[in-house]
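Mind having a look at this structure? Questions to follow.
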Amino acid sequence: MNKDQQPETGNTLLPSHAQVVIVGGGVIGCSVAYHLTKLGWRDVVLLERSQLTAGTTWHAAGLIVSGFSSETTIDMAKYTRDLYERLGEETGQDTGFKAIGYMQIASNPERLDNLRRRADYCRGYGVTTEEISPAEIKKMWPLFHTDDIIAGFYTADDGRVNPIDTTIALAKGAKMGGARVFEETKVTGIKKKNGRVTGVVTNKGEIEAEYVVNCSGMWARELGKMAGVNVPLHAAEHYYLITEPIEGLQPDLPIVEDPDLFAYYREEMGGLMLGLFEPVARPWGMDGIPEDFSFGEIQPDWDRLMQYVEKAMERIPIAKDAGVHKFFCGPESFTPDMGTLMGEAPELKNFYVAAGFNSLGILFGGGAGRVMAQWIVDGYPPVDTSEINIDRLMPFQNNPKYLHDRTVELLGWQYISWPNLQPETARGSRKSAMYDRLAEAGAYYGESVGWEYPDWFAPAGIEPKVAYSWGRQNWFEYVAAEHKAAREDVILMDLTHMSKFLVQGGDAEKVLNKICANNVAVPVGRIVYTQWLNERGTIEADMTVTRLAEDIYLLILVDKAHTHVETWLKNHTPADAQVSITDVTSGYNIINVQGPKSRQLISGLTSADMSNQAFPYLTAQEIDMAYALVKALRVTYVGELGWELYVPTEFTLHVFDMLVDAGKNVGLKYAGFQALNTLRIEKAYRDYGWDIDNTDTPLEVGLGFVVDFDKPSGFIGKDALLRQKEEGLKHRLTQFLLKDPEPLLYGGEPIFRDGKRVGYLASGGYGHTLGGAVGLGSIKNETGVTADFVRSGSYEIEVAGVRYPAKASLRPMYDPKGLKVRS
């Protein structure tokens, strides 16, 4: 079927009401409609401004690939593949799925390490990826130049579909389930009342709706603006070339990706399709997407792209002599961090978004539709949403200039894969007051939701520039020294990017104590570590809550959870409660002073008594530091004596300079987030979004000790946790230490117990104190995971195809009794 062949909608008049209105008739919108009907929701209306598949769906390459590097993306991709294979039988409309196989090429040792690690991970989720030799690659693709290839990674079950046929099949399946589809129906406005969406306005009339789902693809940002919702994505030019027929190119040749050439290859009409994800892309549609751009093309820029085409053709030399049948350029939309944008918009209740698939909409289409439908029907997502929830991004990231500048490098990120990879564009605008001082001191800066944070520090005279590798990167020894200083002396870290909220008012304690799993009805000056749970008992947020006064609390949390926490708090605060919520993130810089000599350093700069008796662990006081008043919180994320100093922004450099000057006498050293990560993993401190997420309960991740089941107010999720306590745990987060000091762990490595795969690491780093790589990961067992089960096993961690013996522990291997933090 081509783009001119559309199914009869059978609908002529718009209904005045629908339970759900889906805006956008591409593969995502049709999939959401299909899956909603599968869950029993029949009153579904899909609106398409032009014709089904218009925009970007119609020109997709149709690659179907199952192997990814996170549980959520693998889950969506695998389900999509299986759905497309069976959808034709169900609907009578074939998707064109062909399991011709998929292969990635490694032509250098770093790529080999990367692909071996990914293959290890994928096998644990049922994606059978086989490492094959250059000779085997040559046998599959005789036209390939293979002299530089080290290995390939082949997945036989993957393949390709026809994007138009697939979308039509989903639309047909949705209609069979009761959904109604209206083409040539443009949404011109979003209706809302009291913070909730109530319907849509179209060129053919209005529809009242309980839910609206924005599946508008590259128009999703514009539709979001109508609703007052930020949908940060931007279109970029995306190219593929199709040659005239080449002898020897057969339709059943596997799809091949050569990441180091930024190219993919497959057969098309007897010729070669060569697609590109070039590292320097060109943004498109800066002034908005043209109204009539339904099945449009962009004029190709041969001069800009020819360098990439010629390089990619080196893999298939005969292609250079073939004529060009089509050099296609069309738009694809990309998000600032290359994660999809899914879920309920934080700005508007019942307004959902499913957009920003970074050119992988066909590949994720089935799974994304299923996830969205379950999210809408159940009210919560069925998967870990750390990398897909739209509320992880900040409003400023929807600014046109920011999106334009970031998009330049995003296309190439599809094929760039390094641990701790940092963006190079749209940088340098969100900084702490200490930025320049730390830059002068040799800081290499990372970025998180716009914040610049010191990742590590180069020694004097060495440029702080990263050399990416899956082995020991050039900063490895620098971080080892920072790590050692934290354990033996004292370090200074900039934690300003952490999000900070004040919750104030007469009902602050009552509201927070219902939301927090731990008890925050504590004396003024106490710090409480707690999680926020949903009714299922799984974790929505992880934070510290400090009582500053009878009616004032300070909340500190990871930056990417900022909007999620703010929205959750507002949604769970009764309308008549005497509570105000204030974002004070920009009002304070955080100077983190940690290590055995931290008390000695701070004591010399304040009149406050910093002794253990006067200032015990998990307490907070306001102290004087020269001319500044500073909120000092005795808390640690590295496992040592230390304080987080919350300094009013205008006083930050005053306090910073004082600390640095006095620090010369106690061996003060700057430290960055690579050191923070290795220190916290040694201590088995959890990191939300990595080790724990919205699918975990506190009991499963070893945080039951900060759940107060006995507090009179109870808490959201209590009943679910009590049931789980009775039923027992089927997985438990565990700390691992490799016995071999050489391999490195980054997260994603499979865990084997007595030779059987039982999970994977969620995070990893090098334990410079423990003498080997350390990681945190869940051990899973359907019949239960007790402490005895963990202790009785023999463990191995698989790293790039090799299994290494490991020690497992439910208690922190570093300072298991917590004596150092309380000294």
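The values are calculated or read from the model by the stated rules, or taken from the named source; none is laboratory data. Remember, predicted model here, so these are calculated numbers, not experimental data. Every residue, glycine among them, receives a Cβ derived from its backbone with ideal geometry; neighbour counts consider all protein chains shown. Each accessible area value is taken on the protein alone, full model and side chains, heavy atoms only, with ligands, DNA and RNA left out. Shrake-Rupley method; radii C 1.70, N 1.55, O 1.52, S 1.80 Å.
Filter segment 170-192 down to the residues that are touching a Phe, Trp or Tyr at 6+ places or on another chain (Cβ under 8 Å) and in a helix (DSSP H, G or I), then identify the one that is farthest from I255 (Cα to Cα).
So the residue we want is A174.
If I filter segment 236-252 for residues that are touching a Gly at 6+ places or on another chain (Cβ under 6 Å), under 22 Å from W375 (Cβ atoms), outside any helix (DSSP H, G or I) and not acidic (D, E), do I get at least one hit?
No, every residue in segment 236-252 fails to be touching a Gly at 6+ places or on another chain (Cβ under 6 Å), under 22 Å from W375 (Cβ atoms), outside any helix (DSSP H, G or I) and not acidic (D, E).
Where the second residue is outside any helix (DSSP H, G or I) and the first is among the β-branched types (V, I, T) and lies in segment 390-404, which pairs have Cβ atoms under 7 Å and are six or more apart or on separate chains?
As it stands, the answer is I390/L341; I390/M342; I390/G343; I390/A345; I390/V353, since those pairs meet every condition given.
So how many residues does segment 653-681 have that are part of a helix (DSSP H, G or I), surrounded by fewer than 24 Cβ atoms within 10 Å (Cβ to Cβ) and either of a type in the set (V, I, T) or touching a Pro at 6+ places or on another chain (Cβ under 9 Å) (or both)?
3
From E244, E267, grab the single residue that is open to solvent by less than 50 Å² (accessible area, probe 1.4 Å), at pLDDT 95 or above and among the acidic types (D, E).
E267
For segment 682-693, give me the residue count where each residue is in a loop (DSSP other than H, G, I, E, B) and touching a Pro at 6+ places or on another chain (Cβ under 9 Å).
3
Separate question: For segment 410-421, what are the residues that are closer than 26 Å to W456 by Cα and open to solvent by less than 20 Å² (accessible area, probe 1.4 Å)?
Within segment 410-421, L410, G412, Y415, P419 qualify.
Still on this structure: Within segment 80-107, restricting attention to residues that are part of a helix (DSSP H, G or I) and farther than 24 Å from P251 by Cα, which residue is least open to solvent (accessible area, probe 1.4 Å)?
T91
Going by what's in this entry, would A620 be described as touching a Lys or Arg at 6+ places or on another chain (Cβ under 7 Å), buried (at least 17 other Cβ atoms within 10 Å of the Cβ) and either of a type in the set (A, V, I, L, M, F, W, C) or under 16 Å from L492 (Cβ atoms) (or both)?
yes
Looking at (1) of a type in the set (A, V, I, L, M, F, W, C); (2) within 30 Å of G343 (Cα to Cα); (3) without any contact (Cβ under 8 Å) to a residue 60 or more places away in the chain; (4) assigned to a strand (DSSP E or B), find the lone condition where W568 falls short.
Condition (4) is where W568 drops out.
Give V647, V638, V584 a once-over and let me know the one that is under 25 Å from A541 (Cα atoms), free of Cβ contacts under 8 Å to residues at least 60 places away in the same chain, touching a strand residue (DSSP E or B) at 6+ places or on another chain (Cβ under 9 Å) and β-branched (V, I, T). It would help to see each step written out before you state the result.
Numbers: V638 fails: free of Cβ contacts under 8 Å to residues at least 60 places away in the same chain; V584 fails: free of Cβ contacts under 8 Å to residues at least 60 places away in the same chain.
After applying the criteria, what remains is V647.
Among the residues of segment 529-539, what is the count of those that are surrounded by fewer than 22 Cβ atoms within 10 Å (Cβ to Cβ) and of a type outside the set (S, T, N, Q)?
Total meeting the criteria: 3.
Could you list, in sequence order, all residues of segment 326-352 that are open to solvent by 40 Å² or more (accessible area, probe 1.4 Å) and within 14 Å of G275 (Cα to Cα)?
K326
Test K510 against the stated conditions and say whether it is of a type in the set (K, R), in contact with a Ser or Thr (Cβ under 8 Å, 6 or more places away or on another chain) and more than 27 Å from G689 (Cα to Cα).
Considered against the rule, which asks whether it is of a type in the set (K, R), in contact with a Ser or Thr (Cβ under 8 Å, 6 or more places away or on another chain) and more than 27 Å from G689 (Cα to Cα), K510 comes out as yes.
To continue, here is another question. So which pairs qualify, if the first residue must be in segment 688-706 and on the phi < 0 side of the Ramachandran plot, the second must be small (G, A, S) and assigned to a loop (DSSP other than H, G, I, E, B), the Cβ gap must be under 6 Å, and the two must be at least 6 apart or on different chains?
Final answer for the pair search is D693/S386; T697/G537.
Output the residues belonging to segment 623-640 that are within 11 Å of Q594 (Cβ to Cβ) and open to solvent by 10 Å² or more (accessible area, probe 1.4 Å).
Matches in segment 623-640: V635, T636, Y637.
Another question, if that's okay. Output yes when any residue across segment 33-50 is open to solvent by less than 10 Å² (accessible area, probe 1.4 Å) and of a type in the set (G, A, S), and no when none is.
Yes, segment 33-50 contains a residue that is open to solvent by less than 10 Å² (accessible area, probe 1.4 Å) and of a type in the set (G, A, S).
State whether one or more residues within segment 761-784 are closer than 30 Å to R634 by Cβ, of a type in the set (A, V, I, L, M) and surrounded by fewer than 21 Cβ atoms within 10 Å (Cβ to Cβ).
Scanning segment 761-784, I find at least one residue that is closer than 30 Å to R634 by Cβ, of a type in the set (A, V, I, L, M) and surrounded by fewer than 21 Cβ atoms within 10 Å (Cβ to Cβ), so the answer is yes.
Looking at segment 587-604, which of its residues are surrounded by fewer than 21 Cβ atoms within 10 Å (Cβ to Cβ) and either without any contact (Cβ under 8 Å) to a residue 12 or more places away in the chain or in a loop (DSSP other than H, G, I, E, B) (or both)?
If the condition is that a residue be surrounded by fewer than 21 Cβ atoms within 10 Å (Cβ to Cβ) and either without any contact (Cβ under 8 Å) to a residue 12 or more places away in the chain or in a loop (DSSP other than H, G, I, E, B) (or both), then P596, S603, G604 are the ones that fit.
Can we say D158 is surrounded by 24 or more Cβ atoms within 10 Å (Cβ to Cβ), in contact (Cβ under 8 Å) with a residue 60 or more places away in the chain and among the charged types (D, E, K, R)?
On the way: surrounded by 24 or more Cβ atoms within 10 Å (Cβ to Cβ): yes; in contact (Cβ under 8 Å) with a residue 60 or more places away in the chain: yes; among the charged types (D, E, K, R): yes.
The answer is yes for D158.
Which of the residues that make up segment 203-235 are within 20 Å of F293 (Cα to Cα) and in a strand (DSSP E or B)?
Result: N214, H234, A235.
This table checks each residue for (1) over 14 Å from V32 (Cβ atoms); (2) at pLDDT 95 or above; (3) among the aliphatic types (A, V, I, L, M).
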residue	(1), (2), (3)
T167	no, yes, no
G173	no, yes, no
V181	no, yes, yes
K192	yes, yes, no
R196	yes, yes, no
T202	yes, yes, no
E206	yes, yes, no
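Among the residues of segment 320-328, is any touching a residue at least 12 places away in the same chain (Cβ under 8 Å), farther than 16 Å from I22 by Cβ and of a type in the set (D, E)?
No: zero hits.
Which residues, counting only those in segment 532-584, are over 20 Å from the mean Cα position of the chain (by Cα) and among the small types (G, A, S)?
Answer for segment 532-584, where residues must be over 20 Å from the mean Cα position of the chain (by Cα) and among the small types (G, A, S): G537, A549, A575, A577, S580.
Mind checking which residues of segment 478-519 are within 23 Å of W451 (Cα to Cα), of a type in the set (A, V, I, L, M, F, W, C), open to solvent by less than 20 Å² (accessible area, probe 1.4 Å) and in a loop (DSSP other than H, G, I, E, B)?
L495
Scan segment 770-819 residue by residue and report those that are over 13 Å from K739 (Cβ atoms) and in contact with an Asp or Glu (Cβ under 6 Å, 6 or more places away or on another chain).
L776, G793, E798, A800, Y814
Right, next: Pick from E110, E206: which is open to solvent by 30 Å² or more (accessible area, probe 1.4 Å) and more than 30 Å from P317 (Cα to Cα)?
E206
Out of the strands (runs of 3 or more DSSP E) lying entirely within segment 754-823, which hold 2 or more residues that are acidic (D, E)?
Correct list: 795-799.
Which residues, counting only those in segment 474-496, are β-branched (V, I, T) and in contact with a Lys or Arg (Cβ under 7 Å, 6 or more places away or on another chain)?
Of everything in segment 474-496, those that are β-branched (V, I, T) and in contact with a Lys or Arg (Cβ under 7 Å, 6 or more places away or on another chain) turn out to be V490, I491.
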